[in-house]
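Structure first, commentary second.
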Amino acid sequence: MQKQIYLDHAATTPVHPRVLEAMLPFFTEKFGNASSIYSMARDSRKALDEARDTVAEVLSCKPTELIFTSGGSESDNTAIKGSAFANKSAGNHIITSSIEHHAVLHTCQFLEKFGFEVTYLPVDRYGLVDPAEVEKAITDRTVLVTIMLANNEVGTVEPLREISRITRAKGVTLHTDAVQAAGALDLSVDKLGVDMLSLSGHKFYGPKGVGLLYVRRGVPFLPQQQGGGQERNRRAGTENVAGIAGFAEALKLASENMQSTNEHCVRLRDRLIKGVLERIDHVSLNGHPSERLPNNVNLAFEYVEGESILLNLDMLGIAASSGSACTSSSLEPSHVLTAMGVSVEVAHGSLRMTLGTDNSEEDIDYVISVLPGIIEKLRALSPLVAKP
Ligand SMILES: *Cc1c(COP(=O)(O)O)cnc(C)c1O
């Protein structure tokens with residue numbers, strides 16, 4: 001069988017063997033409902049408590065400030081709606097950026113139907129939000145600022161600390177979607193200065209369908225899922241014990257190995273970028289040259305369609321993405337690239353390759369060796385604009 005090279009770690013990651021091992025007992029002998037009182041249930045309860053303690057250590061917060069959810073999308077929805085509705089009497093204004101994940105953007109658009117007003121801040125050509133713009137946008141009706149820690153398409157890392165100094169001074173709640181940052185950046189909520197933070201297990205070698213929302217003690221929050229009293233009455237539903245145990249183990253591993261993982265990814269990332277820029281003309285790097293995630297490579301190839309590059313790579317066993325997985329089935333250009341001022345044609349020729357612990361230098365060299373041929377072939381066929 002042909003070798004498979006997976007370069008789409010921003011879309012999802014495989015479960016680490018130690019994570020799987022941590023989860024298995026809770027599908028079999030330790031299947032008790034954590035809310036029951038017999039000893040088998042106590043094993044489940046204990047696993048939840050331990051997971052919460054582990055995660056609290058990584059985030060430098062209190063275990064009681066953590067709510068386990070079904071993933072990044074639920075965490076973003078719950079943070080934004082939960083804080084908007086809790087603050088309804090204080091104000092109706094929300095500030096976000098135009099390059100957020102759809103779990104944030106579409107939630108904000110949903111709230112606009114219920115009387116909330118949303119400011120979608122612009123970004124510069126590198127995808128950076130300007131903290132001064134956040135400050136200017138805050139009014140006495142502003143109840144929430146939600147800005148991602150790192151962008152999932154172009155990997156740009158946002159100046160959250162500077163933004164938090166502003167929201168703190170103005171007394172406005174700050175939420176961050178840190179889904180792409182886990183395992184790559186410091187998640188200490190006090191250092192970041194955030195009041196709410198979202199994570200998703202499957203982005204850092206944990207299981208799919210389990211996420212986390214941090215809510216700082218005292219921050220106004222209205223639970224968005226009603227039912228039983230789980231998660232201290234903030235998120236009803238029988239706990240996903242196996243998923244939560246796996247999430248905690250994955251986050252612990254990711255944080256313990258952060259430095260070596262980042263060094264590995266940066267080495268591969270820079271080799272890939274350099275190799276492509278040296279061998280192919282009319283290509284540029286999307287996103288910030290230095291303020292970017294260690295594992296993100298996003299390149300814009302002029303005169304070609306990103307989709308065609310993907311199909312050709314796939315035939316050679318290479319899995320990558322054009323922009324974000326959520327938009328790859330539509331013909332709309334990426335909202336992130338468009339907001340950065342990248343032209344529609346160039347945005348259509350963009351290719352995202354996101355690296356992981358399982359990638360090697362040989363993988364990168366293979367991609368560098370096949371990509372020039374693919375681009376040359378596609379450009380020769382291209383009906384798009386004048387030929388280079
Ligand atoms: C993947 C992702 C999400 C959604 O997480 P799910 O667990 O897949 O729902 C949200 N925000 C960002 C930045 C992401 O990359």
Going by the structure shown, is A34 crowded, with 19+ Cβ neighbours inside 10 Å, touching a residue at least 40 places away in the same chain (Cβ under 8 Å), more than 16 Å from the ligand (Cβ to nearest atom) and over 28 Å from the mean Cα position of the chain (by Cα)?
yes
Does R52 fit the bill of being out of contact with any Asp or Glu (no Cβ under 7 Å at 6 or more places or on another chain) and either in a helix (DSSP H, G or I) or at positive phi (or both)?
yes
Residue check, I67 against (1) farther than 14 Å from N240 by Cβ; (2) among the aliphatic types (A, V, I, L, M); (3) outside any helix (DSSP H, G or I), all met but one. Which one?
(1)
Go through S198, S188, S164 for me and flag whichever is among the polar types (S, T, N, Q), buried (at least 19 other Cβ atoms within 10 Å of the Cβ), over 12 Å from the mean Cα position of the chain (by Cα) and closer than 30 Å to R269 by Cα.
S164
Would a scan of the stretch 85-95 turn up a residue that is over 21 Å from the mean Cα position of the chain (by Cα), over 30 Å from E239 (Cα atoms) and not in a loop (DSSP other than H, G, I, E, B)?
yes
Go through the stretch 102-125 residue by residue and tally those that are surrounded by fewer than 21 Cβ atoms within 10 Å (Cβ to Cβ), within 16 Å of the ligand (Cβ to nearest atom) and of a type in the set (A, V, I, L, M, F, W, C).
2
Could you grab me the full set of residues in the stretch 109-168 that are more than 12 Å from G287 (Cα to Cα), out of contact with any helix residue (DSSP H, G or I) (no Cβ under 9 Å at 6 or more places or on another chain) and among the β-branched types (V, I, T)?
T139
Among the residues of the stretch 1-40, which ones are of a type in the set (D, E), farther than 27 Å from L316 by Cβ and not in a helix (DSSP H, G or I)?
E29
So for the stretch 48-65 (the condition being crowded, with 19+ Cβ neighbours inside 10 Å and within 15 Å of the ligand (Cβ to nearest atom)), does at least one residue qualify?
no
Within the stretch 284-293, can you find the residues that are surrounded by 22 or more Cβ atoms within 10 Å (Cβ to Cβ) and at negative phi?
N286, R292, L293
Of those in the stretch 237-282 that are within 20 Å of G373 (Cα to Cα) and without any contact (Cβ under 8 Å) to a residue 24 or more places away in the chain, the residue surrounded by the fewest Cβ atoms within 10 Å (Cβ to Cβ) is E278
Hey, among the residues in the stretch 79-101 that are among the β-branched types (V, I, T) and under 22 Å from A10 (Cα atoms), which one's nearest to the ligand (Cβ to nearest atom)?
I99
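None of the figures in this text is laboratory data; all of them are computed from the coordinates on show. Note that the coordinates shown come from a computational prediction; the quantities given were computed from them, not determined experimentally. In this analysis, Cβ positions are derived from the backbone assuming ideal geometry, glycine residues included, and neighbour counts consider all displayed protein chains.
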